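Data block below; observations after.
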Amino acid sequence: MRSSSQPALKRQKLNPADAPNPVVFVATKDTRALRKALSHLEMRRAARRPNLPVKVKSVLPLRPLGAPLLPVPPVHPASTSEPIILED
């Protein structure tokens with residue numbers, strides 16, 4: 001007689017297209033805004049063909065490419081005008 005239940009553990013097959021090391025992606029406000037600007041069909045098309053450029057109708061002004069990702073803390077004036085030299 002055959003059992004109708006599934007096997008307890010299935011073998012996990014590795015996908016050869018996946019990179020051996022995980023890739024870390026950090027979403028910024030700009031990337032979230034770009035993602036929300038895409039329609040469902042444009043998002044699907046971009047996911048299926050990642051090598052093709054995506055046309056995005058910009059709703060919010062994007063920051064320039066040279067702008068820093070995080071705000072730079074203000075520079076405090078030095079307590080002394082002389083340089084500090086450390087000797088090893």
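We did not get these values from a lab; they are worked out from the coordinates using the rules stated. In this text, all values refer to a predicted model and were calculated from it rather than measured experimentally. All Cβ positions, glycine included, derive from the backbone under ideal geometry; neighbour counts span all protein chains shown.
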ask   = Using the Cβ atoms and a cut-off under 13 Å, what net charge is assigned to the surroundings of Leu41, where Lys and Arg are +1 and Asp and Glu are -1?
value = +4
query = What order do you get for 45-52, 31-38, 81-88 when each peptide is scored by the mean count of other beta carbon atoms within 10 Å, highest first?
reply = 31-38, 45-52, 81-88
